[in-house]
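Single-structure report; data block below.
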Amino acid sequence: MKGVLFDFNGTLIDDTKKHEDAWQTFITNVTGNPISQSDFAKYFHGKNAQHTLEYVFKRPLTFQEVADYAEKKEALYRNLCLADPNYALLKGVPEFLTLLQEKEIPFTIATASGKTNLDFYFETLNLKRWFTMEKVVYDDGNMISKPDPDPYLKGAQRLNLPATECVVFEDAPAGLLSAYHATAAKIVAVATSEKIETLTKFPGVTLAIKDFTDPALTNLINQFT
């Protein structure tokens, strides 16, 4: 193993509830119909904006419609983040990222978030300490949504590595399947919104953690060459 690919939302930051609340507000305002928890898992978590919004509106959307609707929802989400005094990276993440840097293990992010949110994270969470925007894979309007392997295959390419030499950290079922289809070397499930026993049933998952203070990560780091 030579590199690491991180999902972002629900993996490096525990923000799933904020996304759900923002979606509920947005969708209730435009359709009058709230979203069920099962629909969140199936159509929202880990999916890009086009996939989710076309499910919401039950029709194909233009590029501009997706961009406009997504920004309305994401503005609600960002306000929830800023209003939360505990808005921060998941416990242990800063130390783990710094350790990867010290050991010169390459890593980046492959996320369904759009550029506006990514800029927000870089500013409010000071991600530039560890990441460069040029290497991050994000939804630019053309992303093929997880569970397709494309996001993680592109992430590996940004590291100049095959996916078979990368470890993937992911929280959402769609993302776990994306990593599996990309034939990642190992898949680490992060249990921020799902139970550990649920995540370990997904194909390819070799480890499940609640946060990045898990001592099992020390053994994982020692497996890098």
The residue that is surrounded by the fewest Cβ atoms within 10 Å (Cβ to Cβ), considering only those in the stretch 100-115 that are more than 15 Å from the chain's Cα centre (by Cα) and not charged (D, E, K, R), is Gln101
Here are Thr192, Thr225, Thr213: which of them is closer than 22 Å to Leu90 by Cα, touching a residue at least 24 places away in the same chain (Cβ under 8 Å) and loosely packed, with under 14 Cβ neighbours inside 10 Å? Thr213
Within the stretch 83-99, restricting attention to residues that are hydrophobic (A, V, I, L, M, F, W, C) and under 19 Å from the mean Cα position of the chain (by Cα), which residue is surrounded by the most Cβ atoms within 10 Å (Cβ to Cβ)? Phe96
Checklist (1) without any contact (Cβ under 8 Å) to a residue 40 or more places away in the chain; (2) in a helix (DSSP H, G or I) applied to Ala70, failing item: (1)
Among what's in the stretch 92-118 and is in contact (Cβ under 8 Å) with a residue 40 or more places away in the chain and in a loop (DSSP other than H, G, I, E, B), pick the residue that is farthest from Leu76 (Cα to Cα). Lys103
In the same structural domain as Ile209 (by TED's automatic domain parsing) and closer than 22 Å to Tyr152 by Cα: is that true of Ala41 in this structure? no
Considering each of Tyr152, Tyr180, Tyr121 in turn, give the residue that is on the phi < 0 side of the Ramachandran plot, free of Cβ contacts under 8 Å to residues at least 60 places away in the same chain, of a type outside the set (Lys, Arg) and surrounded by 16 or more Cβ atoms within 10 Å (Cβ to Cβ). Tyr180
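Assigned to a loop (DSSP other than H, G, I, E, B), over 18 Å from Tyr180 (Cβ atoms) and aromatic (Phe, Trp, Tyr): is that true of Phe131 in this structure?
yes
Return the total of residues in the stretch 25-43 being touching a Phe, Trp or Tyr at 6+ places or on another chain (Cβ under 9 Å), surrounded by fewer than 21 Cβ atoms within 10 Å (Cβ to Cβ) and either on the phi > 0 side of the Ramachandran plot or part of a helix (DSSP H, G or I) (or both). Don't jump to the end; show me each part of the working.
First, the residues of the stretch 25-43 that are touching a Phe, Trp or Tyr at 6+ places or on another chain (Cβ under 9 Å): 26, 30-31, 35, 39-40, 42-43.
After this cut, where a residue has to be surrounded by fewer than 21 Cβ atoms within 10 Å (Cβ to Cβ) as well, the list is 30-31, 35, 39-40, 42-43.
Filter once more, keeping what is either on the phi > 0 side of the Ramachandran plot or part of a helix (DSSP H, G or I) (or both): 30-31, 39-40, 42-43.
Count: 6.
The values are calculated or read from the model by the stated rules, or taken from the named source; none is laboratory data. Not measured: the values here are computed from a predicted model. In this analysis, Cβ positions are derived from the backbone assuming ideal geometry, glycine residues included, and neighbour counts consider all displayed protein chains.
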